[in-house]
1. Give me the distance between the Cα centres of the range 136-182 and the range 379-415, rounded to whole Å.
2. Taking the Cα centre as origin and putting +1 on Lys and Arg beta-carbons and -1 on Asp and Glu beta-carbons, what dipole magnitude results for the range 781-822, to the nearest 20 debye?
3. Considering only protein heavy atoms, with the full assembly of protein chains and a 1.4 angstrom probe, order Glu850, Glu403, Glu454, Glu622 by accessible area, largest first.
4. Given a cut-off of under 8 Å on Cα pairs at least six residues apart, what relative contact order in percent is computed for the range 426-529?
5. Enumerate the amide H contacts of Tyr458 below 5 Å, restricted to partners 5 or more residues apart or on another chain; note that Pro and chain-start residues carry no placed amide H.
6. If you take the beta carbon distance between Glu786 and Gln415 as r and set R0 to 51 Å, what does 1/(1 + (r/R0)^6) give as a FRET efficiency, to the nearest 0.05?
7. Would you mind working out the magnitude of the charge dipole of the chain relative to its Cα centre, with +1 at each Lys and Arg C-beta and -1 at each Asp and Glu C-beta, to the nearest 20 Debye?
8. What length, rounded to one decimal in nm, is gained on full extension from Asn395 through to Leu476, with 0.36 nm per residue of separation minus their alpha-carbon distance?
Amino acid sequence: MAQQMPEIPVDSAVRIGKLDNGLTYYLRHNNYPEKKANFYIAQRVGSIQEDDSQQGLAHFLEHMAFNGSEHFPEGKMLEYLQTIGVEFGRSLNAYTSIDRTVYYIADVSTERQSALDSCMLVLRDWSSGITATPEEIEKERDVIHNEYRMRNNASQRMFERALPALFPGSKYGFRMPIGKMEIIDNFKPEELIAYYKKWYRPDNQGIIIVGDIDVDYTENMIKKLFGDIQVAPDAAKVIDEPVPDNEQTIYVSEKDNEQQFPIVRLAMKRDPVPAELKKTVAYLVTAYLNNLICAMTNSRFTEMTQQPDCPFIQALAQNESYMQLARTKDAMMLIGVAKDGKETETVQAVTREAKRIHDFGFTATEFARAKADYLSSLEKMYTNRDKMKNEQFANDYIENFLENSPIPSVEDLYQTMNMLSQQLPFELANQYAQQIINVDEKNLVVFQMEQEKEGKTYLTPEMMKTAVEGVRTETLEAWVDNVKEEPLMAEMPVKGQIVKETENTTLGYQELTLSNGAKVILKKTDFKDDEVMFQGETKGGMSLFGEEDLINCMIIDAAQIYSGLGNFSKSELDKALAGKQASVHISTKENRQYIVGRSVPKDLETLFQLVYLTMNNIKKDEKSMASFVNQMQMVLKTKSLNPQLVYQDSLANTKYNGNPLFGLPEAEDLQKFDYDRTLQMVKQLYGNGGQFIYTIIGNFDEQTIRPLIEQYIASMPAGTAAEGKEIRTFFTGKKVNRFEKKMETPQAQTTLIWKNDQLPYTMENKILLDAASRVLTRIYLRTIREEESAAYNVSAGGAIDVMGDKPVFLLTVQAPTNPDKQAIAEELMLKFINEACQKIADDDLNPVKETMLKQAEDANRENHHWMDVLTEWTAEGVDLQTNYVETVKGLTPEKVQAFIATILSAGNQASVVMMPEK
Ligand SMILES: [Zn+2]
């Protein structure tokens with residue numbers, strides 16, 4: 001069938017070209033976000049190209065790309081890019097994987113052509129001008145160690161150990177990009193250069209530039225900058241590394257002290273769509289069917305987890321490259337997280353569902369829902385086609401360059417997929433599912449990861465084999481799909497009215513007052529054509545409840561998510577919402593409660609119905625809730641295994657002075673959870689919709705939204721907001737919390753927090769806090785990361801907590817560090833924050849101001865930014881928008897110095913340090 005399929009036309013809006021030396025480029029003019037451009041260079045090589053003695057060098061080289069090159073000697077690249085508002089990490093970065101290495105500079109302002117030219121020069125340096133001096137290489141060895149330490153968690157360790165068994169007979173078994181630390185420590189500079197020279201060549205490189213650019217001009221620049229790079233006639237070829245088929249099922253099991261949950265993976269390997277077929281509609285058909293099959297399998301898994309006797313707490317189907325690593329093999333992947341002691345049963349259950357799909361396929365109703373969901377997201381993308389962001393296009397072009405994936409225009413894709421989805425019969429999905437999901441001996445891989453613990457019986461490969469083979473011989477019955485065929489709301493509430501309308505011209509919104517007392521803030525925008533955002537809030541929150549409701553408070557938001565609505569149980573509701581792009585949830589904070597939603601314009605009424613039902617008519621669903629409590633129990637029972645969780649818990653404990661509301665509960669505390677009582681609390685907080693202020697922002701129709709507001713918001717009961725007592729219990733004075741934790745990969749964690757609760761919440765103070773954290777981050781990265789190599793990352797952050805009687809300002813510095821250098825890192829954190837009270841260099845503040853202004857400009861075209869601005873305005877009376885730019889421009893080193901000094905002068909400082917146990 002594939003042979004007769006027509007080719008997919010390439011989007012005519014992208015200019016694709018190739019230089020004589022083999023360099024490919026993709027250029028596209030796009031003006032969203034306005035006046036910005038993104039620059040990428042994608043290398044068709046990664047760690048798979050390394051020799052045995054080079055393991056880790058592909059990734060090491062990526063680091064060197066930022067530390068000195070032909071036109072930007074050491075440090076100059078980051079320095080220059082900061083002057084044009086490009087910040088490392090956020091809009092400047094790179095990643096190395098097994099098969100590719102991609103570098104990028106994003107969101108560059110196109111106001112000045114010279115800045116764009118310089119970005120192209122950076123690309124040129126990355127392609128062939130990285131210097132990698134011995135001194136810079138020496139400095140970076142420790143940085144890589146710190147990165148290794150930070151990433152080396154339980155699943156990473158097990159995955160690395162299992163890799164040779166998962167990829168027998170393939171180099172993929174030995175090429176994790178982070179490499180081997182003994183190689184990182186000892187390689188000679190010329191070995192790195194050798195990898196660089198051998199593989200970074202124009203014929204392996206794609207340049208992608210998308211944004212508000214002059215395409216002709218840019219093309220000429222590329223020819224000028226890259227045209228003279230030579231490729232030797234005998235240059236090494238990039239050869240695909242195959243992943244052999246396995247005739248016998250492969251069973252692999254791994255264990256680790258810090259693994260929290262047993263996880264089972266079933267991979268069903270198959271060959272990927274060949275490159276030449278990727279240009280045809282056959283590829284789109286395959287992608288469409290893969291999408292539907294995963295969606296249908298996932299919703300079966302979700303439904304199963306709501307049964308009390310289900311052996312897994314969660315399961316998931318994904319169609320991806322085999323183990324997300326090998327581009328030469330695809331796999332349908334079924335992943336199950338087992339309940340404690342139910343590892344064997346989970347292997348059986350997941351295998352059994354795969355076999356059931358293979359034997360019987362899906363039902364027509366399951367297919368109809370998955371198709372409706374697919375078409376609805378297709379429609380969403382099409383609606384927003386004029387506002388596609390630069391990076392969306394760029395990512396598609398990167399995939400086209402590296403993987404030959406098709407790049408049709410959104411219009412063509414939309415037409416084609418609409419037509420195909422109408423024509424392709426449901427039986428085809430089942431035939432295809434039968435091919436890609438099967439538990440036969442050949443090409444099946446079963447991989448299990450679990451906790452290592454004394455006295456525990458482990459799931460061995462033999463046990464998994466017995467379990468899978470047992471299921472193969474079972475006779476199964478087809479899946480039965482239960483659906484409820486009725487409208488979401490059978491009866492309409494009595495309509496209320498809009499009684500008053502005023503306009504705010506400063507922030508540009510309408511304010512409606514409703515007959516039940518509710519206020520609605522309406523701001524219509526054209527930032528995204530497919531988005532409407534909704535938020536309601538009022539005072540009260542957890543402060544209204546006493547200690548006896550502690551656990552109920554902690555689970556109240558989840559209780560809403562895991563319950564049904566109206567006449568629908570949780571799973572009936574999920575099914576009833578097929579094809580709808582609308583969702584609503586509650587969010588209960590210390591002294592506030594919020595109802596938050598989002599939809600596309602066409603599903604606005606569904607959004608309103610969900611809001612109405614969530615606030616007035618939650619349906620108890622014991623099974624669904626029990627499955628959630630079960631999951632929580634697993635997490636809490638094993639929290640001490642995960643150093644990261646232990647640390648976050650201790651941090652909260654110190655910050656809030658031991659207040660249990662802000663930490664993680666113990667597993668046994670869950671027994672105090674009372675579902676009925678919690679639903680009562682939801683009713684108390686959310687049941688009087690008339691006391692809320694609602695803010696609606698996005699692309700809604702001004703005329704149709706008013707009747708919806710009257711029908712679903714004005715109809716809710718009136719009420720007055722109640723205020724409880726202060727329940728926050730922040731630390732005061734000096735607090736030190738140092739402790740040791742046993743861990744597999746020794747890594748220290750350090751956090752310092754300064755608190756001041758004597759400052760007013762104003763826009764200027766918010767800006768000062770933000771600027772102070774950014775300046776400190778710059779200083780810390782330069783010293784603690786670059787000069788001392790004590791941490792892979794170190795950052796300062798600010799927060800203003802307004803959830804109580806008075807605003808609390810928090811300034812935090814945090815870093816995972818090398819244990820041997822923890823002391824020096826902490827010392828430097830203190831030293832430089834104290835110095836910053838006296839002196840901040842213009843060179844540190846100016847780039848920060850530049851970045852803040854640039855980010856503010858981008859934020860002005862984002863709905864979520866306006867949601868923050870309007871809700872802060874209505875709830876706190878603080879205008880974070882007007883005069884923002886002037887205030888940032890008016891920042892001086894003296895102002896920021898004085899502000900940091902004020903924060904510190906309150907004398908409240910906490911330090912929380914976790915060290916590995918010796
Ligand atoms: Zn790295």
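The values are calculated or read from the model by the stated rules, or taken from the named source; none is laboratory data. Here the structure is a predicted model, which is why all the values come from computation and not from measurement. Backbone-built Cβ (ideal geometry, glycine too); neighbour counts: all protein chains shown. Surface accessibility is based on the protein's heavy atoms, side chains included, excluding ligands, DNA and RNA. Shrake-Rupley method; radii C 1.70, N 1.55, O 1.52, S 1.80 Å.
1. The range 136-182 and the range 379-415 have Cα centres separated by 33 Å.
2. 60 debye
3. From most exposed to least exposed: Glu454, Glu622, Glu850, Glu403.
4. So the answer I get is 12 percent.
5. The list, which skips near neighbours in sequence, is empty: none.
6. 0.50
7. Rounded to the nearest 20 debye, it is 820 debye.
8. Here the segment from Asn395 to Leu476 would lengthen by 24.9 nm.
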